[in-house]
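Structure, as structure tokens:
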Amino acid sequence: MQDVYLGLGGNVGDPRRAMQMVLSTLDARDDTEVRLVSSLYRTPPWGKLDQPDFLNAVAWVRTSLAPHPLLEQCLTIERVLKRVRQERWGPRPIDVDVLFYGDRVVDDAGLTIPHPRMAERAFVLAPLAEIAPALEIGGRSVRTLLETLDQSGMERITRDGWWWREGSA
């Protein structure tokens, strides 16, 4: 089993429910277990600014799936939830990114791990720092990197990471 960190977000429809569905679907698999989820954060859009705020979270999962099959499972769940990739950084009901896969480095056309731009994105680092502050990106801790970024407009909207279990049976 490998320790994996997933970034989750969305800003159209019901992104909170979409993230709950992703986590519940992954956790229901025999080969994957959701171990810990960050609080839910409301964050301003990044890249393309003329769109609604996002909801973001990070999840720590353990899985026996290799990186590419894990990504394919995440993309399949995105498609079920009506994710259509039309516009870079544009509005979306759900987005799932593989941030870390153990200490594995993957760099090919379909997947780059560690995620190449996470150190620039407070909406990834804030929830990641909540559940794994000592993880390192380029030799610097997530917590230290987060301190260098503009966090204005970000709001933690749940007390803890149990929001994903609400309403699930």
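The values are calculated or read from the model by the stated rules, or taken from the named source; none is laboratory data. Because the structure is predicted, anything quoted here is derived from the model rather than measured. Reconstructed Cβ throughout: ideal geometry from the backbone, glycine too, with neighbour counts over all protein chains shown.
Observations on the structure shown:
- Residue, nearest to Y101 (Cα to Cα), within region 131-140, restricted to residues that are under 18 Å from the mean Cα position of the chain (by Cα) and surrounded by fewer than 16 Cβ atoms within 10 Å (Cβ to Cβ): E136
- Selection within region 31-48 - of a type in the set (D, E, K, R) and within 12 Å of W60 (Cα to Cα): E33, R35
- Taking the numbered list (1) buried (at least 19 other Cβ atoms within 10 Å of the Cβ); (2) over 24 Å from E136 (Cβ atoms) in turn, G7 passes all entries but (2).
- Candidates E33, E72: the one that is among the charged types (D, E, K, R) and either assigned to a strand (DSSP E or B) or in contact with a helix residue (DSSP H, G or I) (Cβ under 6 Å, 6 or more places away or on another chain) (or both) is E33.
- Taken over region 127-144, the residue count meeting the criterion of being farther than 21 Å from P67 by Cα and either out of contact with any strand residue (DSSP E or B) (no Cβ under 6 Å at 6 or more places or on another chain) or at pLDDT below 95 (or both) is 10.
- In region 120-130, the condition of being more than 17 Å from L8 (Cβ to Cβ), in contact with a helix residue (DSSP H, G or I) (Cβ under 7 Å, 6 or more places away or on another chain) and surrounded by 12 or more Cβ atoms within 10 Å (Cβ to Cβ) is met by no residue.
- Some residue of region 148-163 being more than 19 Å from G9 (Cα to Cα) and loosely packed, with under 12 Cβ neighbours inside 10 Å: yes
- Criterion: of a type in the set (A, V, I, L, M) and either exposed (fewer than 13 other Cβ atoms within 10 Å of the Cβ) or touching a Gly at 6+ places or on another chain (Cβ under 9 Å) (or both) - qualifying residue of V61, V105: V105
- Verdict on S39 being of a type in the set (S, T, Y), closer than 27 Å to D150 by Cα and surrounded by fewer than 21 Cβ atoms within 10 Å (Cβ to Cβ): yes
- Residues within region 123-169 that are assigned to a strand (DSSP E or B) and of a type in the set (A, V, I, L, M), tallied: 1
- Residue in region 137-157 that is under 20 Å from M21 (Cα atoms), in contact with a Leu (Cβ under 8 Å, 6 or more places away or on another chain) and either in contact (Cβ under 8 Å) with a residue 24 or more places away in the chain or not hydroxyl-bearing (S, T, Y) (or both) present: yes
- Residue satisfying all of: in region 10-27; of a type outside the set (V, I, T) and more than 18 Å from L71 (Cβ to Cβ); surrounded by the most Cβ atoms within 10 Å (Cβ to Cβ) among these: P15
- Flag if R17 is at pLDDT below 95, charged (D, E, K, R), under 18 Å from W164 (Cα atoms) and not in a strand (DSSP E or B): yes
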